[in-house]
Amino acid sequence: MWPSGLTGWIAEQAGFKKEKVTEAEAKLLDDLQMRKGLLGLKELADIRQEALHIAEGKFEGKGGTDGHADAFRHAYWNAMMTQRYGEEWARDFATAHERNPTRHHVPVAMDLHNNEVGRSIAKANPDASPEQLANLVEQAVKDGKMVVIDKNDTLVSSSESTPGETRETKNKPWPTDNPGRDDDHDPGQPSATPDQY
């Protein structure tokens, strides 16, 4: 559970809620807090919240889990983190976030791919405004550069499936025993630190 210890108490006083994260994710968050303080953590939380909010308005709100809006959310979140903290830190953090071994390997593969597309968009457009990034990410979803999960639980290009015609995860949750994850584990000590801007 993160945050913990004194950092956790301070973060909770500032309005952060404890959540279950991987060990590597916690280390990256602790490092971010140490380098940038509570405002750094708030900024990261705001980026995550903005990605969620903007994704709800994309693709008529269809595919919020394992569909088009979800693909947009992950890519936009990673694009914004890349602009703010650098590509390496955004990659380490997003990958650590996806390493929870109770998550099924198919949606994890979707998220990892879409996260990478978002980071690539930010890297190619370093001076883009948040609105421009959102437009670029939305176009990437429409152009099939992202992946979604179809009704057969298969990853497909985002242009091969119509928004709203993807997996109904809310009605059919993924299993949590996940033999497909095999030896997947926490990635360990992070190698990146947030860029200082």
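Exposure proxy ranking for D92, D143, based on other Cβ atoms within 10 angstrom of each Cβ and starting from the fewest, stands as D143, D92. In a fully extended conformation the segment linking E160 and T65 would gain 32.5 nm over its present Cα-Cα distance, using 0.36 nm per residue. Restricting the range 130-164 to GluC sites (Glu not before Pro) that sit in a DSSP loop and have at most 13 other Cβ atoms within 10 Å of their own Cβ leaves E160. Over 28 Å between Cα atoms: which of K62/K145; K58/K145; K58/K172; K42/K142 fall into that group? Pairs exceeding the cut-off: K42/K142. Taking P(r) over Cα pairs in 5 Å bins from 0, in percent as calculated from this structure, the corresponding entry among (i) 1, 7, 14, 15, 13, 11, 9, 8, 7, 5, 3, 2, 2, 1, 1, 1, 0, 0, 0; (ii) 1, 8, 16, 19, 20, 17, 13, 6, 2, 0; (iii) 1, 7, 15, 18, 18, 14, 10, 8, 5, 3, 1 is (ii).
Using a Förster distance of 22 angstrom, determine the FRET efficiency expected from the C-beta separation of E88 and K36, and round it to 0.05. Each step should come with its number before you reach the end.
Working: r = 16 Å, r/R0 = 0.73.
Efficiency for this residue pair is about 0.85.
Our coupling estimate for the range 65-82, obtained by passing each phi through the Karplus curve with A = 6.51, B = -1.76, C = 1.60 and θ = phi - 60°, is 10, 6, x, 5, 5, 5, 4, 4, 4, 5, 5, 5, 4, 5, 4, 5, 5, 4 Hz, Gly and Pro reported as x.
Values quoted throughout were computed directly from the atomic coordinates according to the rules given, and no laboratory measurement underlies them. No experiment lies behind these values; they were computed from the predicted model shown. We place every Cβ from the backbone using ideal geometry, glycine too, and count neighbours over all the protein chains shown.
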